[in-house]
């Protein structure tokens, strides 16, 4: 690997991180706008930049859309007083927000954004690091996120954050089991007997060029989505911070940019979660369920749409649209349903979701074995 | 408030939850006075075993203003604005309850139009209070959107209140012996229009919550108040009726001509949080039914007692043109409405429960002693018993379902 290659990779990494940060900032805006829409309110519509606000129609439209609100929010987080209470354990108190934020950014490096054929006809994947253990890598790093909640709850040395931390550790550990079991049938499907195994996300998406896994394994997808809600601390499973009984939960004692890290970290986790569900169950960058896009394009004489730059753009746009839909779905659910109680969350995780995931795994394994033998 | 009594089902739950293999330490935690679930300035001193509440002591008095003592130092009319601040979610109903108590002391007979106006605003206040109660209850269980859905309707009610009384929040609409003014032209039609709009919203809340699995999990069997405990603690209003006791002052001791209207009193069976929610939803529908009947039979005539010369101030144009009325107005403003000596206790069915006023008068324009029986205080008194064995998150649901107001509890 020469220096130029390394430089390009670093630059690409920075680009991806800034895009993900942008998505996080704007999913905060989306949360506020969508909740306003659901609740019959207006949402943020005042924040503006002096130059852009002067543009006749567009500036006004962008302001009404609240497009500059994330800048103001970020600025506010930066310039507020950063209070570190006297009673906290300082090292862990400072460490916790970092841990909340970093795993989400690390996991994005193995997420593929699209695929296309270059001029020579070789398959190119838009990905930072095509690791062979892609999904395992994501699970491993995402589960580090629980340390952020536990550490912040513990280091705050205060009762409400403590309860939040206890809830977080129990909840996140429980739902990881169901989540892992939900994706196992997918791996059994793509790793046929005798073939060399792979957990790569690219491989998973390529296996869905025709039928998405949500169509062939709907139960796995359902269990995965529910577990994902619990893993990202979204309502109805937002036990660690449920504000009606724990005030702010684990981040009660945090202020300024440290709170901002928790806040953006939650949305970064949500974004990665939306990417993963899109890739594993909803066909990644394949636009049509049930049809191979490249074949369809070839048959209708639009083959140039599936190759080169247009192919890359369409693949990326498809992927982005699906991710945005899932982000919207997360927000939609949050503002519609009430919150579970802590013991109910645990009971759902262990007594409903886990048996369901195991049963689903057995049924899928038997089904796949039968297909292998008789078809 | 003693916590010596434990509920059989709660005790069983507490026993099954805790295997006696290892010693656990209780966590004592203070919930409030500034906490999202405590609706104002209630403080709960909790002792937790894990997430289970072992002991719950409500600490009240953060909003104590000494209303009863204040009443002894001012004339009867001057106390009307203070009643706004009791249950500040239904000030119109408080005004009416207080005015009725004083008028009973003065043995005034209200003209039918005045009674109809008062009954109408009482029912509107009930809808307003229950809309907020149900909305906040939804928010306590995590359903934020319910709150904004109901609050939007409440804004429309406030617009009507503003048009009627000149104020949106603290209305001070009644006077002893009448109202501060007549209803504006076309106002009744706008109230009817509001009624048409509010019923679909109640149905919408019904659709979002009543059969919602998560809401059912959070409220069914939570915070059960059996019939005998509810009676022993003096619970009233929707909280009592949810426990299966069909007591409603509008039916049992009719006032303001409630006996001429046709309405049902919804009653619960189990007395849990879910029943209290259902009772409130149905009471809103019954209130709308009442509002429609009252408007359909709205009487004409005077909207104040014309024969109460020493109690109700005369019309403004008369004061400016006639000597007799000028003196009468002067006496009522400076010395207060003149009451006979005696004692009276009157209780009205307010949105939060039975609001009672006990007045001891030694004659003249100022009460010797005024005692307020506030329903929120009684509702809160049952909390130490209900909360034991519940989880921390249940507390939010229980507090929301009891629908109390600290302004009334602390007085």
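Which ordering of B:258, A:254 is given by a fewest-first count of other beta-carbon atoms within 10 Å?
Values: B:258 20, A:254 25.
Fewest-to-most Cβ neighbours within 10 Å comes out as B:258, A:254.
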Next item on the list: Go from 0 up to the bin containing the longest alpha carbon distance in segment A:146-203, width 10 Å each, and give me the % of pairs per bin.
Entry: 21, 29, 19, 19, 10, 1
Check: Based only on Cα atoms, what Rg/Rh ratio does segment B:226-284 have, Rh being taken as Kirkwood's radius?
Finding: 1.00
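What average count of beta carbons from other chains do you get within 10 Å of the Cβ of residues in B:139-149? Spell out each step's value before the answer.
Values: counts 3, 4, 7, 13, 7, 11, 9, 3, 1, 7, 3.
Whole-number average of other-chain Cβ neighbours for B:139-149 is 6.
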Margin query: If N is the number of residues in segment B:257-341, what value comes out of its Cα radius of gyration divided by 2.2 N^0.38 Å?
Written below: 1.81
Check: Comparing B:221, B:300, B:142, which has the greatest mean-square fluctuation in the GNM of chain B with Cα pairs linked when under 10 Å apart?
Finding: B:300
Checklist line | Computed label-point distance, nm, for sites residue A:15 and residue B:170 using a 7 Å Cα→Cβ extension | finding: 6.3
Next item on the list: With no solvent and one equal point scatterer per Cα, compute the Debye intensity ratio I(q)/I(0) for segment A:169-270 at 0.24 Å⁻¹ and report its log10, rounded to two decimals.
Entry: -1.27
Next item on the list: Could you work out the mean projected area of the convex hull around the alpha carbons of the protein assembly as shown, in square nanometres to one decimal?
Entry: 44.6
Margin query: When 1/r is averaged over all different Cα pairs and the result inverted, which Kirkwood radius in Å belongs to segment B:288-411?
Written below: 18.8
Next item on the list: Give the dimensionless ratio obtained when the Cα radius of gyration of chain B is divided by 2.2 N^0.38 Å.
Entry: 1.04
Next item on the list: Set the Förster radius R0 to 35 Å, insert the Cβ-Cβ distance between residue A:136 and residue A:309 as r into 1/(1 + (r/R0)^6), and round the FRET efficiency to 0.05.
Entry: 0.60
Check: Applying 1/(1 + (r/R0)^6) with R0 = 35 Å to the Cβ-Cβ distance of residue B:107 and residue B:158, what FRET efficiency is obtained, to the nearest 0.05?
Finding: 0.50
Next item on the list: Binning at 10 Å from 0, report for chain A what percent of all alpha-carbon pair distances ends up in each bin.
Entry: 5, 20, 30, 26, 14, 4, 1
Next item on the list: Report the Stokes-Einstein translational diffusion coefficient (µm² s⁻¹, integer) for segment A:265-337, Rh taken as the Kirkwood radius over Cα pairs, at 25 °C with viscosity 0.890 mPa s.
Entry: 183
Next item on the list: Please report how far the C-alpha centroid of segment B:48-72 lies from that of segment A:194-253, rounded to the nearest whole angstrom.
Entry: 43
Checklist line | Helix axis angle, B:392-402 relative to chain B longest principal axis, alpha carbon, degrees | finding: 30
Check: Residues in segment B:345-383 near a label at residue B:334, defined as backbone nitrogen under 16 Å from the 7 Å Cα→Cβ point?
Finding: B:365-366
Next item on the list: Calculate the translational D of segment B:110-165 in whole µm² s⁻¹ from Stokes-Einstein, where the hydrodynamic radius comes from the Kirkwood formula applied to all Cα pairs, the temperature is 4 °C and the viscosity 1.567 mPa s.
Entry: 106
Checklist line | Backbone N under 18 Å from the residue B:345 label point (7 Å along Cα→Cβ), restricted to segment B:363-385 | finding: B:368-379
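Using the Cα gyration tensor of segment B:176-323, with a ≥ b ≥ c the square roots of its eigenvalues, what is the shape: rounded (a/c below 1.5), prolate (a/b larger than b/c) or oblate (neither)? Walk me through the numbers before you get to the answer.
Details: a/c = 3.15, a/b = 1.91, b/c = 1.65.
Prolate, because a/c is 1.5 or more and a/b exceeds b/c.
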Notebook entry, point to check: Efficiency by 1/(1 + (r/R0)^6): what FRET value for residue B:292 and residue A:291, r their Cβ-Cβ distance, R0 = 45 Å, to the nearest 0.05?
Noted result: 0.20
Notebook entry, point to check: Normalised by the residues of segment A:84-374, what does the relative contact order come to in percent, with Cα pairs under 8 Å and at least six apart?
Noted result: 26
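Compute the Cα gyration tensor for segment A:219-375, then decide on rounded, prolate or oblate, letting a ≥ b ≥ c be the square roots of its eigenvalues: rounded whenever a/c is under 1.5, prolate when a/b is larger than b/c in the other cases, and oblate in all that remain.
Since a/c reaches 1.5 but b/c is at least a/b, the shape of segment A:219-375 is classed as oblate.
Determine the shielding of peptide A:70-80 by partner chains: average, over its residues, the number of Cβ atoms on other chains within 10 angstrom of each Cβ.
Numbers: counts 0, 0, 0, 0, 0, 0, 0, 0, 0, 0, 0.
Mean partner-chain Cβ count within 10 Å for A:70-80: 0.
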Note to self: For chain B, take the longest principal axis of its alpha carbons; what is the angle in degrees between that and the long axis of helix B:273-296, to the nearest 10 within 0 to 90?
What the structure shows: 20
Notebook entry, point to check: Going by alpha carbons, how many degrees (0 to 90, nearest 10) lie between the helix axis of B:144-165 and the longest principal axis of chain B?
Noted result: 10
Notebook entry, point to check: Averaged over peptide A:10-19, how many Cβ atoms belonging to another chain are found within 10 Å of each residue's Cβ?
Noted result: 0
Notebook entry, point to check: Which of these, B:92, B:100, B:208, has the largest mean-square fluctuation under a Gaussian network model of chain B (Cα springs below 10 Å)?
Noted result: B:208
Check: Any idea how far apart residue A:98 and residue A:49 come out in nm if each label point goes 7 Å out from Cα toward Cβ?
Finding: 3.1
Notebook entry, point to check: In what order do A:319, A:77, B:298 fall by count of nearby beta-carbon atoms within 10 Å, going from fewest to most?
Noted result: B:298, A:77, A:319
Notebook entry, point to check: For chain B, what relative contact order do you get, as a whole percent, if you take Cα pairs closer than 8 Å and at least 6 residues apart?
Noted result: 27
Note to self: For q values of 0.13, 0.17 Å⁻¹, compute log₁₀ I(q)/I(0) with the Debye formula on a Cα-only model of segment A:130-228, without solvent.
What the structure shows: -0.57, -0.82
Item checked: Three-way shape label, segment A:1-113, alpha-carbon gyration tensor, a/c 1.5 -> oblate
Next item on the list: Take the alpha carbon atoms of segment A:3-67, find their center, do the same for segment B:192-244, and report the distance between the two centers in whole angstrom.
Entry: 42
Margin query: Nearest 500 deg cm²/dmol is fine: what mean residue ellipticity at 222 nm does chain B get from its DSSP H runs of n ≥ 4 alone, each adding -39,500 (n - 2.57), divided by its residue count?
Written below: -15000 deg cm²/dmol
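No lab work stands behind these numbers, since they all come straight from the coordinates. Remember, it's a predicted structure, so these values are computed and weren't measured experimentally. Ideal geometry is used to build each Cβ from the backbone, glycine not excepted, and the neighbour counts take in all protein chains shown.
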